[in-house]
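Trainee: Questions regarding the structure given below will be posed in turn.
Just so you know, all these numbers are worked out from the coordinates, no wet-lab data involved. Note that this is a predicted model, so its numbers are computed, not measured. Here the Cβ is made from the backbone with ideal geometry for all residues, glycine too, and neighbour counts use every protein chain on show.
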Amino acid sequence: MPANRIPEIQLPAPRLSETHEPTPETLTRSQAHARPESFPDVVVVGAGPTGLACAIEAEKAGFKSLIIDKGCLVNSIYHYPTNMVFFTTPELLEVGDIPFTTALAKPTRLEALEYYRRVADHFQLHIRQYEWVKTITGEDGKFCVTTTDRHSAIRDYRTRKIVVATGYYDLANKLNIPGEELEKVFHYYKEPHPYYDTDVLVIGGKNSAAEAALDLWRHGARVTLVHRAAQMHPHVKYWVRPDIENRIKAGEIEAHFNSTVQEIGPDSVVVKTPGGTVRLKNDFVFALTGYHPDYDFLRSVGIELSPEQLRPVCDPETLESNVPGIYVAGVIVAGSRTNEIFIENGRFHGKLIANHLSERLGRGNPNFPLDAT
Ligand SMILES: Cc1cc2nc3c(=O)[nH]c(=O)nc-3n(C[C@H](O)[C@H](O)[C@H](O)COP(=O)(O)OP(=O)(O)OC[C@H]3O[C@@H](n4cnc5c(N)ncnc54)[C@H](O)[C@@H]3O)c2cc1C
């Protein structure tokens, strides 16, 4: 598995009620029957905080919705560093007006996972986990969504409207340097323990890099940080910034600014610094240089992207894309500017979309509700 992809979750054996025969290779596509529950008004692709908010608001407006995620509920948050603390206070992570309270000022990843599970339970959301949406065909009012589940079985869903809320955390920005494909190179950071008493290079200058460098150093790794800019990014959390800067000042974490990694070898890395090129002893590399939306998936469903920032073309009032009936929501709306939309503001996309759905499909509209025959 390439290290720049979120690792697959090892799943327990499915319960009997969840088992089914995989679609045989020889079955023609027209015979791949949709299941009875597969005629929602709206299919939401992605069970992140935004996807949940979209489904909740659609349900509140009277539309049957189905969420499909290739991983687990809030899959991205599940894959964040194990001991991560959000920079946002809990009330700003709330969806569906369900209160989120925490013991301390900022919620932990574990608290957020618990919260979003409770939200899903509370609204009895229909969520198909571990199903990867591969294609969307058809047209407004008559879409067909095709997924592949974890047993490689194909499933089809028919729906009138689609919300794409696929986030950005699945695809890491690659360095494109020799050695990046080595097994010791990671684009996701989870925990410090395996790196005790080893030489670790952290690449990047934002929150993920700063927090990983500190966590690794505090748990006994020898850490070097390399960042292409002159200093840590100004958006580093206000309580993390002095910590990392003081560790660097004290020489506890070695840092090279205005520097780039040129090459990664089995036991060393080559770094180009303002003072010349240096070779550093190295056991592991965390290249924490950001992530990006799955632009190919967006294009494959017909969504046009702006030339430079790759923002999906959409009506900012309704979030309907250039493809009638397909909406975009959450961080993908910002294209490559992934620091513009967070949970804090992306959670409001659900209401915008639900309002437009009501206008288009609302009661009184002769097409409501969906005829599932
Ligand atoms: C370490 C870290 C800390 C952060 N801290 C904060 C914070 O404190 N406050 C804040 O507001 N924001 C924070 N963010 C940003 C925030 O988490 C994201 O902006 C937010 O998760 C985006 O929500 P989303 O629902 O748009 O996407 P996601 O949460 O990424 O959800 C997208 C979902 O879509 C699924 N998916 C993708 N493609 C497919 C497909 N083809 N088929 C089916 N499913 C698919 C994914 O599995 C995923 O579950 C942080 C981000 C990181 C990386």
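Trainee: FRET efficiency for THR101 and SER152, Cβ-Cβ distance as r, R0 = 41 Å, nearest 0.05?
Mentor: On the way: r = 42 Å, r/R0 = 1.02.
It comes to 0.50.
Trainee: Okay, next question. Taking 41 Å as R0, compute the FRET efficiency from the Cβ-Cβ separation of PHE348 and GLN262 and round it to 0.05.
Mentor: According to the calculation, E is roughly 0.45.
Trainee: Students often get this wrong, so check it: of LYS174/LYS272; LYS64/LYS134; LYS60/LYS161, which have C-alpha atoms separated by over 20 Å?
Mentor: Numbers: LYS174/LYS272 18 Å; LYS64/LYS134 22 Å; LYS60/LYS161 16 Å.
Beyond 20 Å: LYS64/LYS134.
Trainee: Between LEU280 and SER306, with labels modelled 7 Å along Cα→Cβ, what's the label distance in nm to one decimal, could you check?
Mentor: 3.6 nm
Trainee: Could you check which residue among GLU111, GLU308, GLU57 shows the biggest mean-square fluctuation in a GNM of the chain with a 10 Å Cα cutoff?
Mentor: Of GLU111, GLU308, GLU57, the Gaussian network model singles out GLU308 as fluctuating most.
Trainee: Further question: Evaluate the charge dipole of region 61-194 about its Cα centre and quote only its size in Debye, nearest 20, assuming +1 on the Cβ of each Lys and Arg and -1 on the Cβ of each Asp and Glu.
Mentor: Using Cβ point charges on Lys, Arg, Asp and Glu, region 61-194 gives about 360 debye.
Trainee: Sort ARG118, ARG347, ARG109 by Cβ crowding within 10 Å, fewest neighbours at the top.
Mentor: Going from sparsest to densest Cβ surroundings: ARG118, ARG109, ARG347.
Trainee: Rounded to two decimals, what ratio of Rg to Rh does the chain give with C-alpha atoms and a Kirkwood Rh?
Mentor: With Rg and the Kirkwood Rh in hand, the quotient comes to 1.01.
Trainee: Something else about it: Please give the residues of region 148-189, grouped as numeric ranges, whose backbone N is less than 13 Å from a label point set 7 Å along the Cα-to-Cβ vector of LYS142.
Mentor: Label zone hits: 159-160.
Trainee: Still on this structure, please answer the following. Subtract the Cα-Cα distance of TRP239 and ASN176 from 0.36 nm times their separation in residues, and report this length gain in nm to one decimal.
Mentor: Contour length minus the Cα-Cα distance gives 19.5 nm.
Trainee: Follow-up question, since we're still on this one. Just the Kirkwood number for region 185-287, please: inverse of mean 1/r across all distinct Cα pairs, in Å, one decimal.
Mentor: 13.4 Å
Trainee: How much of the DSSP beta bridge set in the chain is antiparallel, as a percent to the nearest 5?
Mentor: Of all bridge pairs located within the chain, approximately 55 percent are antiparallel.
Trainee: If you don't mind, there's one more thing I want to ask. Quick check: convex hull of the Cα atoms in region 295-354, volume per residue, rounded to a whole Å³?
Mentor: Spelled out: Cα convex hull of region 295-354, divided by residues, is 75 Å³.
Trainee: With helices defined as uninterrupted DSSP H runs, which ones in the chain have an alpha carbon span along their own long axis of at least 30 Å and mean Kyte-Doolittle hydropathy of at least -1.0?
Mentor: Flagged H segments: there are none.
Trainee: Write down the percent of antiparallel bridges among all DSSP beta bridges whose residues are both part of region 185-287, to the nearest 5.
Mentor: Taking every DSSP beta bridge within region 185-287, about 40 percent pair in antiparallel fashion.
Trainee: For ASN83 and THR135, calculate 0.36 nm times their separation in residues minus their Cα-Cα distance, and state this gained length in nm to one decimal.
Mentor: Working: separation 52, 0.36 × 52 = 18.72 nm, distance 3.52 nm.
Full-extension gain reported as 15.2 nm.
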